[in-house]
Amino acid sequence: MKYEEAIDYLESRNQYGIVPGLDTMKSLLEALENPEEKLQFIHIAGTNGKGSLLAFLSTILAENGYTTGRYQSPTIEEYRDRFQVNGKTISKKDLTALVEQIKPVIDGLDEKGIHPTSFECETALSFLYFVQKKCQYVVLETGMGGLMDATNVVQNTKLVIFSRISMDHVQWLGNSLEEIAYQKAGIIKTGCRVVSMFQEPSVEAVLRKQAEEQNAVGIKFLQQKEIKGVHYGLAKQSFSYGKYAKMEISLAGTYQIENAALALLAVEALQDLGCKLTETKIRKAMWETKWSGRFQVLSKKPVFVVDGAHNAEAALRFRETVQFYFTNKRIIYIMGMFRDKDCEQVVASTVDLADQIITTSAGGSRALSSLEMAEYIRPYNQNVTAADSVEEAVELAYLLAGKDKDTVIIAFGSLAYLGRCMEAVRLRNK
């Protein structure tokens, strides 16, 4: 099997869509002799911020000498980035070999009427890879929800982390914050430690109840008032939290300060578990943590930013960040979104800040066309143009920006098209 054939095979499993529930995943792992039982997990759930937390913690553990697997989905630039050990992406050779290993098992399940989805196959593949690499910890983010998410087959969960929980995936998770929180809280396992971002009171109550019912070793919530001495910036940000004075991070976005502080609260829990994490190496890891597509600055003349804000709460944080960094700047947006997201609310929260907006398709059957996206925007901002492709959208944005040093281009919405956008910017600025 060639690498391209391996990718085609995994992508072919998309025909089975999204199927909440663990039965298929359990059947697949059982046929693979349950590799997940040989691993220890740090499991992350929430609506926004999961990926940033995963990036901070996996970098901290690796910097301190722990062989650390990280499994994340989706990825922006390279499919293989979903499977990493100590920050190194799986090789094409290793990925192909693993697909060759699992394909007969999956085909056998198909014959029995059991059809693993693409995400389930990738999750199983990641466990096999991390066992091969003798990972001491695996940092794992849920795909959607928690209780019925394919990743929730794991039992050796040492630490559970919750980022902010808000309304998202309502067609799958429930129509209220409490229902969604209950689904997310389903990853709490007996005897694990739990840390969480500050939450709405109703969400906090659900998480506390679930932690108690599962006999978790306590639950700690980040206290916003304990984050002090904050200094924001596009290239460097700093804050103080607990014993960590003037902690520096290179991730931009005002919301990353809170994610970084929660990562430090998680560090305390890991130290309680016996992890030897030194302050010097924690600081080095926090600064070196990268997370593609989250208020990432691609170029400076003009400033070109990409961000994956694609739901209601993310849009509000995006707005806050744009207003903070780019006061009195002329702003050009590039926007593309999936139709199953709350496009109306994202648009209503953001587009009044832009002088010009260019729409594009995020790609795939779930995506709004550029014309459909423009129709969502027009009632809120008339200065909108539909582009025929991502590449055309980028070129048009640069033409509109001209040489005005006070103009900022921001591409945001679905993560699905940001990789192409980033590549178009790179090629143009070679």
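Brief remarks follow.
- Taking each residue of segment 291-303 that is under 21 Å from ARG82 (Cβ atoms) and looking for partners that are among the polar types (S, T, N, Q) and not in a loop (DSSP other than H, G, I, E, B) with beta-carbon atoms closer than 6 Å, six or more apart or interchain, yields TRP291/SER52.
- Inter-residue pairs, beta-carbon under 9 Å, first among the polar types (S, T, N, Q) and in segment 365-376, second open to solvent by 80 Å² or more (accessible area, probe 1.4 Å) and at pLDDT 95 or above, 6+ apart: SER370/ASP388
- Residue among ARG378, ARG330 that is open to solvent by 10 Å² or more (accessible area, probe 1.4 Å), modelled with pLDDT of 95 or more, more than 30 Å from GLU78 (Cα to Cα) and touching an Asp or Glu at 6+ places or on another chain (Cβ under 6 Å): ARG330
- Matching residues, segment 178-188, being open to solvent by less than 20 Å² (accessible area, probe 1.4 Å) and of a type in the set (D, E, K, R): LYS184
- Selection within segment 145-169 - modelled with pLDDT under 95, crowded, with 19+ Cβ neighbours inside 10 Å and in a loop (DSSP other than H, G, I, E, B): GLY145, GLY146, LEU147, ASP149, ILE165, SER166, ASP168
- Some residue of segment 25-33 being without any contact (Cβ under 8 Å) to a residue 40 or more places away in the chain, more than 29 Å from TYR417 (Cα to Cα), open to solvent by 30 Å² or more (accessible area, probe 1.4 Å) and among the small types (Gly, Ala, Ser): no
- Near pairs, Cβ below 6 angstrom, 6+ apart or cross-chain, from segment 93-118 (in contact (Cβ under 8 Å) with a residue 12 or more places away in the chain and under 19 Å from ASP149 (Cβ atoms)) to any residue that is of a type in the set (Val, Ile, Thr) and in a helix (DSSP H, G or I): ILE114/THR24; PRO116/THR24; PRO116/ILE106
- For the condition acidic (Asp, Glu), loosely packed, with under 15 Cβ neighbours inside 10 Å and either under 22 Å from the mean Cα position of the chain (by Cα) or at pLDDT below 95 (or both), GLU204 does not qualify.
- Segment 420-430, residues that are open to solvent by 10 Å² or more (accessible area, probe 1.4 Å) and at pLDDT 90 or above: ARG420, GLU423, ALA424, ARG426, LEU427, ARG428
- Some residue of segment 349-361 being touching a Cys at 6+ places or on another chain (Cβ under 9 Å) and either at pLDDT 90 or above or farther than 17 Å from VAL390 by Cβ (or both): yes
- Qualifying positions in segment 207-257 - touching a Ser or Thr at 6+ places or on another chain (Cβ under 6 Å), assigned to a strand (DSSP E or B) and small (Gly, Ala, Ser): GLY229
- Selection within segment 47-82 - small (Gly, Ala, Ser), in a loop (DSSP other than H, G, I, E, B) and at pLDDT 95 or above: GLY65
The values are calculated or read from the model by the stated rules, or taken from the named source; none is laboratory data. Note that the coordinates shown come from a computational prediction; the quantities given were computed from them, not determined experimentally. Cβ coordinates were reconstructed from backbone atoms using ideal geometry, including for glycine residues, and neighbour counts include every protein chain displayed. To get the accessible areas, we keep the full protein, side chains included, count just its heavy atoms, and leave off ligands, DNA and RNA. Shrake-Rupley method; radii C 1.70, N 1.55, O 1.52, S 1.80 Å.
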